[in-house]
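The values are calculated or read from the model by the stated rules, or taken from the named source; none is laboratory data. Values in this document were obtained by computation on a predicted structure and should not be read as measured data. Glycine also receives a Cβ, built like all others from the backbone with ideal geometry; neighbour counts cover every protein chain displayed.
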Amino acid sequence: MAKNPLNTALMSTALLITSLIPSAVAVAGEPKGEEHPAPPKAVTATDHYVESWVRLPSLSATKLGGEHEPVTIESSKGRLLVIVFLASWCEPCQQLMPEIQRLERHYQKLNTDFVYIFSHDTRDDAQGFMKEFNLSNAYLANKELLKTYHEPELPSIYVGDRHGWMLQRYIKTAATDLAKLNRLLLHLAAY
């Protein structure tokens, strides 16, 4: 029997996501138990759908440009969520911002939300960066948020689907990753 290229691509993506997801993230269908859950079971390649998906962890951060109280950010049902971890002092972040913003403007019309999380930054520096690049949906990370996402190297981008499941992540994002992100969003926005 010939292998379906779409199934093979989906399995490859599922294997990649499963291998990259931190063990602190609860897997759907598993009970929430101790503070440090056991690592996920080993995944083997099959021609079937994955048995469990990983939820995109909710974000608790402080909104920049607004009140100084922490807020919880969750993906809105029916909308894709792109989380960009960055810092004002991060040179690759500065270089990639024009392209990230271009993607945001394009996919914003197609039910996609972009959220910018400043890691290891001061409030003043983050707000200066936010004003320079005219970011409206920016937050300052706290230690718990960074721990949940395992201190991602900057810049990093996480993508959640319309039901709150993690689809992809790009650690130490490069221009080639933004091209992949564009293709992913183009495919997802079509549905």
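Key figures
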item: Residue, surrounded by the most Cβ atoms within 10 Å (Cβ to Cβ), within region 142-167, restricted to residues that are modelled with pLDDT of 90 or more and either over 16 Å from Arg55 (Cα atoms) or touching a helix residue (DSSP H, G or I) at 6+ places or on another chain (Cβ under 8 Å) (or both); result: Pro155
item: Yes/no for Ala138 being touching a residue at least 24 places away in the same chain (Cβ under 8 Å), touching a strand residue (DSSP E or B) at 6+ places or on another chain (Cβ under 8 Å) and of a type in the set (Gly, Ala, Ser); result: yes
item: Matching strands (runs of 3 or more DSSP E) fully within region 116-175 where at least 1 residues are farther than 13 Å from Ala87 by Cα; result: 156-160, 166-170
item: Which numbered condition Leu185 fails, given (1) surrounded by 14 or more Cβ atoms within 10 Å (Cβ to Cβ); (2) within 20 Å of Glu67 (Cα to Cα); result: (2)
item: Residues that are closer than 23 Å to Asp161 by Cβ and in contact (Cβ under 8 Å) with a residue 12 or more places away in the chain, drawn from region 107-127; result: Tyr107, Leu110, Asn111, Thr112, Asp113, Phe114, Val115, Tyr116, Ile117
